[in-house]
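Trainee: Got a structure for you, questions after.
The values are calculated or read from the model by the stated rules, or taken from the named source; none is laboratory data. Quantities reported herein were computed from a predicted structural model and do not represent experimental measurements. A quick note on method: Cβ atoms are made from the backbone with ideal geometry, for glycine too, and the neighbour counts reach across all protein chains shown.
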Amino acid sequence: MRGIVYTGSSAEVTDRLEVASPGPGQVKVKIEAAGVCHSDLSVIDGTIPWKAPSVLGHEGAGVVTEVGEGVRSVKVGDHVVIATLASCGVCRACSTGHPTWCIHTLGNVSTPFTYDGQPASNFAAASVFAEYTVVQEVQAVPIDPDVPFTSACLIGCGVLTGVGAVLNRARVAAGDTAAVFGVGGVGLNVIQGLRLCAASRIVAVDTVAAKETLARQFGATHFVDASSVDAAKEIRAIVPHGPRSVAGALGPGGVKWSFDCVGHPAVLRSALDALDWGGTAVAIGIPPRGAEVAVDVNSLAYVDRGLIGCRYGSARPHQDIPLMVELYRQGRLMLDELVTATAPLEGFRDIVEAMHEGKLARGVLNIAGS
Ligand SMILES: NC(=O)c1ccc[n+]([C@@H]2O[C@H](COP(=O)([O-])OP(=O)(O)OC[C@H]3O[C@@H](n4cnc5c(N)ncnc54)[C@H](O)[C@@H]3O)[C@@H](O)[C@H]2O)c1
Ligand SMILES: [Zn+2]
Ligand SMILES: [Zn+2]
C-alpha cells in the first residue's frame, strides 16, 4: 500500500506500507482525499514530537470498505469524514458534550500499520496520507455522498478547528470585532466562522501580503501586513475605542476577539496586545513544546482581558461535521474555494513547499487518484 511515512527525520512517499484489518469497534476507510495541515509539517520539522515510523495526515475523507465486529453507525460504502478524536464516549467529558477534553484523545497512538514489515504508528489517530486507514467507529462520520471528497476532507481538521473556535469556543456574538493572525487553512476558517456570526469587523493579519485577496474572499473586512508594521498597533488604529483613550497597558481600543492561527509566542503576544477591554485571545496555533508568552498581568486583571486555548474547534464531530456540510450546501460555508492546489501523493513535497511560501489556502492530496 502507498502512503507518506514520517521516518524520524523526513517524510517519504512509499509503497511499502500495510494496514491491519479492523478489529472490534473499528472501521477501515479507503482514503479518497486528504488536506495538508500545518500540524503535519510540524511533525516533520520536530515542532510536534511524534513517534517514527508513523503514517502522516489527519484531515481526510473516504469510503468505508470494512467494519469490525459490533460496528453499527456506519456500513461498507458510506462516505465519511475522519475526525481525529478517538473519544471514549462514556467519560465525564464525553458525557457532557466535550470530546476534545476526553483523556483518551490525547497522545492516542496505536500501530495499525507496518512499514517494511515493522510496526508503524498512526498520527492524530487518523493517518490519512495512505490509501487505507483503520480508525475507531466514533471517528468515521458519515456525510452525503455528493459532497466532493477534495472539499469534504478539509472539514476533518482545518474547517472544524477554525469555524469551531468561533462558534463553540469563543461563541462570538453578532457585531463583535475580531482579528485573525495567520491566513492559512485554519485562519481562513476562523474568518469565515466570524462572517457566519456576523462579526462587524474582521481584521486578517499575515506576513505574506498576497494573502489579502484570500482573506477578503473569505470575509475579512481589513488586512494587515505584519511583515512591515506592528500588527497590534495597526489593529488598534482600525478599531479605536473612541476619542477618550488611555495610554499604556490598560489602554482601550482594539478587538473583542483575537485568534492566533500561527503558533508562535510573538504572534500570541501580538494577539493579546490587539485586545480591547473585555477582549479575549484564542490560542489555536501550536508552537514548539514549552513555548511561553509573557504578558503584563494588570493588562488582563484590571480590564477583563483573557487568554484561552482551543483544541480542534472544541468540536463535537457528530454534531459539527454534518453542520459544516449543511452550511456548505446552503452556500454559507466555502469549502471548494479552500482547495487552491491538488496533487497526487508524489506531489506532497510541492504542496509543502507552496505552504512554506504562503501560497496556499489548502493543498489537497488526491490519494485515490494517485
Ligand atoms: N489547536 C488545534 O486543534 C489545531 C488544529 C489544526 C492546526 N493547528 C495549528 O494551527 C496553526 C496553523 O495551521 P494552518 O494549517 O492554518 O497553517 P498554514 O501553513 O496553512 O498557515 C499559516 C499562515 O500563517 C502565516 N504566518 C506565518 N508567520 C506569521 C506571522 N508571524 N504573523 C502572521 N502570519 C504569519 C503564514 O503566511 C500562513 O498564511 C499551526 O500551528 C497548526 O499546527 C492547531
Ligand atoms: Zn490539523
Ligand atoms: Zn471520553
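Rundown of residues vs (1) without any contact (Cβ under 8 Å) to a residue 40 or more places away in the chain; (2) assigned to a loop (DSSP other than H, G, I, E, B); (3) of a type in the set (S, T, N, Q), yes/no style:
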| site | (1), (2), (3) |
| --- | --- |
| 27 | no, no, no |
| 30 | no, no, no |
| 39 | no, no, yes |
| 42 | no, no, yes |
| 52 | no, yes, no |
| 61 | no, no, no |
| 64 | no, no, no |
| 73 | no, yes, yes |
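Here is a yes/no grid of residues against (1) surrounded by 17 or more Cβ atoms within 10 Å (Cβ to Cβ); (2) assigned to a loop (DSSP other than H, G, I, E, B); (3) within 16 Å of ligand 2 (Cβ to nearest atom):
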site	(1), (2), (3)
100	yes, no, yes
111	no, yes, no
114	no, no, no
119	no, no, no
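Trainee: Oh, and also: All but one of (1) in contact with a Leu (Cβ under 7 Å, 6 or more places away or on another chain); (2) touching a residue at least 60 places away in the same chain (Cβ under 8 Å); (3) outside the structural domain of residue 16 (by TED's automatic domain parsing) hold for residue 299; which doesn't?
Mentor: With (1) in contact with a Leu (Cβ under 7 Å, 6 or more places away or on another chain); (2) touching a residue at least 60 places away in the same chain (Cβ under 8 Å); (3) outside the structural domain of residue 16 (by TED's automatic domain parsing) applied to residue 299, the lone miss is (2).
Trainee: Now for a separate question. Please go through the range 1-20 and pick out each residue that is under 25 Å from the mean Cα position of the chain (by Cα) and part of a strand (DSSP E or B). Give the derivation first.
Mentor: Of the range 1-20, the ones under 25 Å from the mean Cα position of the chain (by Cα) are 2-13.
Once the filter is applied, which keeps residues that are under 25 Å from the mean Cα position of the chain (by Cα) and part of a strand (DSSP E or B), the range 1-20 yields 3, 4, 5, 6, 11, 12, 13.
Trainee: Now for a separate question. Please go through the range 326-348 and pick out each residue that is under 19 Å from residue 58 (Cβ atoms), more than 16 Å from ligand 2 (Cβ to nearest atom) and in contact (Cβ under 8 Å) with a residue 60 or more places away in the chain.
Mentor: 342, 345
Trainee: Something else now. In the range 75-98, how many are more than 16 Å from ligand 2 (Cβ to nearest atom), part of a loop (DSSP other than H, G, I, E, B) and either in contact with a Ser or Thr (Cβ under 7 Å, 6 or more places away or on another chain) or touching a residue at least 24 places away in the same chain (Cβ under 8 Å) (or both)?
Mentor: Step one: of the range 75-98, the residues more than 16 Å from ligand 2 (Cβ to nearest atom) are 75-80, 87-98.
Among the residues that remain, those that are also part of a loop (DSSP other than H, G, I, E, B) are: 75-78, 87-91, 96-98.
Right, trim to either in contact with a Ser or Thr (Cβ under 7 Å, 6 or more places away or on another chain) or touching a residue at least 24 places away in the same chain (Cβ under 8 Å) (or both) and you get 76, 78, 87, 89, 97-98.
Selection size over the range 75-98: 6.
Trainee: From the list 74, 67, 81, 109, which one is at pLDDT below 95, away from ligand 3 (no atom under 16 Å from the Cβ) and either at positive phi or in the same structural domain as residue 33 (by TED's automatic domain parsing) (or both)?
Mentor: From the options 74, 67, 81, 109, the qualifying one is 109.
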